Amino acid sequence: MRYESIAIHGGKSEDSGKDAVNYPIYLSSTFAQPSLDQFQEFAYSRGSNPTRSNVEKLAADLEGAKYGLALASGMAATSLVFGLLKQGDKVLINNNVYGGTWRYVSNIFADHGIEYEVVNDFNHYNFNDADSNVKMIFIETPSNPLLEITDIRKVSKEARKRNIVTVVDNTFLTSYFQKPLDLGADIVVYSATKYYAGHSDILAGLVLLNDDEHFTKLKFLQNTYGGILSPIDSFLLTRGIKTLSLRLAKHQKNALLVAQYFEKHPAVKDVYYPGLKSHKNHDIQRSQATGDGGVLSIRLNDGWDSKKFIANLKIFDLAVSLGGVESLICHPASMTHESYALELQEKIGIDSKLLRLAIGVEHEEDILEDISNALVKAKI
Ligand SMILES: Cc1ncc(COP(=O)(O)O)c(C=O)c1O
């Protein structure tokens with residue numbers, strides 16, 4: 001089956017035996033054991049629950065992965081994967097990642113004796129310079145919020161030669177547009193809160209991988225840490241996934257139109273969207289992804305006021321998050337990436353002028369009109 005069909009028919013095949021078209025919600029914390037010496041697949045829902053197993057298999061089917069794990073949020077998924085690290089290990093990470101990931105790296109690693117190094121551009125990184133205790137590379141591509149692109153094939157190949165695990169946060173594209181495992185990465189993490197769930201109603205996280213040993217450890221950690229996705233949220237995530245391809249195609253169509261509009265508008269100084277030919281890594285993006293998603297960032301020129309621009313938008317809510325059907329705008333420096341020290345924000349470009357837009361699936365003319373009107377009112 002192809003992607004769109006797997007999204008609808010993938011997951012676990014057996015259900016309660018009642019032939020429900022939708023996989024049922026098993027609201028049960030515990031499952032009866034037939035006898036003292038007979039153990040079954042489901043015993044206690046922190047370990048596994050049928051509705052969660054269904055969405056875990058569905059996400060794995062879509063990714064072309066052997067294993068999937070569903071967690072209570074994207075950060076629970078990232079934290080789970082960081083649980084593979086031991087004292088003395090080192091992590092290389094790209095310089096703009098989601099603020100929560102940065103909060104973890106910059107606050108928690110040191111307490112556990114784990115080192116990290118921020119890499120400004122993995123595409124030009126000399127892996128021979130990497131310390132021998134580097135055990136993991138963590139990349140977001142496209143990155144949040146600067147939409148920078150990392151060559152997953154190149155990084156994974158160099159990492160593999162050195163026994164380093166490559167982890168890709170693929171939240172901005174999903175497996176519909178990019179499959180990091182096929183490009184050589186070891187583990188993929190998602191904030192499934194975003195495009196997978198798609199309706200800004202639940203928080204969810206996913207971890208997808210092929211390696212048996214890593215899976216055994218991560219499954220153990222999932223049961224031990226306990227940050228699992230509930231049965232109801234597992235159902236809602238499954239429901240969201242059924243329309244993922246339809247939504248993403250529209251998000252991307254709208255985002256490209258908006259990016260092209262911004263590119264030509266005198267009010268706009270910078271536009272970051274990997275689907276634009278002018279994007280510095282457009283070629284790498286084309287070589288590894290079949291689409292570019294619905295998120296873009298901009299800076300307005302002097303003479304236009306960002307605050308007025310935001311205040312005059314009617315369709316866009318000022319809110320963190322992305323990947324829901326509605327258009328949102330946010331100010332990364334104060335709303336999603338406030339965990340970066342001011343100095344670091346300025347250095348890497350998450351400055352006070354940067355605005356991130358998550359383009360929804362509304363009619364493209366309404367989105368463009370809204371932006372156009374707000375820009376007129378933003379003129380100082
Ligand atoms: C790229 C990326 N990764 C991870 C996360 C964390 O996900 P969650 O909010 O579901 O914990 C986010 C949230 O915005 C994100 O944008």
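The values are calculated or read from the model by the stated rules, or taken from the named source; none is laboratory data. Since the model is a prediction, treat every value here as computed from it, not as a measurement. Neighbour counts are summed over all protein chains in view; Cβ atoms, including those assigned to glycine, are modelled from backbone coordinates with ideal geometry. SASA here: full protein model, heavy atoms, side chains in, ligands and nucleic acids out. Shrake-Rupley method; radii C 1.70, N 1.55, O 1.52, S 1.80 Å.
For a test of the definition: using alpha carbon positions, the gyration tensor, and the 1.5 limit on a/c, classify the stretch 333-379 as rounded, prolate or oblate.
The shape class here is prolate.
Starting from the Cα gyration tensor of the chain, take the square roots of the eigenvalues, sort them a ≥ b ≥ c, and report rounded, prolate or oblate (rounded when a/c is under 1.5, otherwise prolate if a/b is larger than b/c, else oblate).
It comes out oblate by the Cα gyration axes.
Before anything else, pin down the relative contact order of the stretch 244-378: Cα pairs under 8 Å, at least 6 apart, normalised by residue count, whole percent.
It comes to 29 percent, rounded to a whole number.
Given the peptides 136-142, 342-348, arrange them by the average over their residues of other C-beta atoms within 10 Å, most packed first.
Descending packing order for the listed peptides: 136-142, 342-348.
Answer rounded, prolate or oblate for the stretch 244-378, using the Cα gyration tensor with square roots of eigenvalues a ≥ b ≥ c: rounded when a/c is under 1.5, else prolate when a/b is larger than b/c, else oblate.
Rounded, since a/c falls under 1.5.
Just order 167-176, 3-12 by mean Cβ neighbour count inside 10 Å, highest at the front, would you?
167-176, 3-12
Along the stretch 370-380, what does the Karplus equation 6.51 cos²θ - 1.76 cosθ + 1.60 (θ = phi - 60°) give for ³J(HN,Hα), rounded to whole Hz, x for Gly and Pro?
Listing the rounded values in order: 4, 5, 4, 4, 5, 5, 4, 6, 7, 5, 7 Hz.
What are the trypsin sites (Lys or Arg not before Pro) within the stretch 291-344 that DSSP puts in a loop, where the Cβ has at most 15 other Cβ atoms within 10 Å?
K314
I'd like the antiparallel share, as a percent to the nearest 5, of DSSP beta bridges with both residues in the chain.
Among the beta bridges of the chain, antiparallel pairing accounts for roughly 60 percent.
Suppose a student asked you for the relative contact order of the stretch 71-128, using Cα pairs under 8 Å spaced at least 6 residues apart; what percent would you report?
Dividing the mean separation by the residue count of the stretch 71-128 yields 40 percent.
Taking amide H positions as placed 1.01 Å from N in the peptide plane, with prolines and chain starts having none, which residues 5 or more places from N94, or on another chain, fall under 5 Å of its amide H?
V119, F138, E140
All other residues with a Cβ under 13 Å from the Cβ of H265 taken together, and with Lys, Arg as +1 and Asp, Glu as -1, what is their net charge?
+2
Calculate one ³J(HN,Hα) per residue across the stretch 186-201 by plugging θ = phi - 60° into the Karplus curve 6.51 cos²θ - 1.76 cosθ + 1.60, and present them in order as whole Hz with x for glycine and proline.
Residue by residue, the stretch 186-201 yields 9, 9, 10, 10, 9, 8, 7, 3, 8, 5, 4, 6, x, 10, 6, 10 Hz.
I'd like the distance separating the alpha-carbon centroids of the stretch 28-72 and the stretch 124-152, in whole Å.
Each part's Cα centre sits 33 Å from the other's.
From the helices alone, meaning DSSP H stretches of at least four residues, give me the mean residue ellipticity at 222 nm for the chain, per-run term -39500 (n - 2.57), in deg cm²/dmol to the nearest 500.
When only DSSP H runs of four or more count, the value is -11000 deg cm²/dmol.
Quick one: pull the percent of accessible area on the stretch 244-378 belonging to carbon and sulfur, 1.4 Å probe, ligands and nucleic acids left out.
The C+S portion of the solvent-accessible surface of the stretch 244-378 is 55 percent.
Near Q252, within a Cβ-to-Cβ distance under 13 Å, what is the net charge of the other residues, with Lys and Arg +1 and Asp and Glu -1?
Once all neighbours under 13 Å are counted, the net charge is +1.
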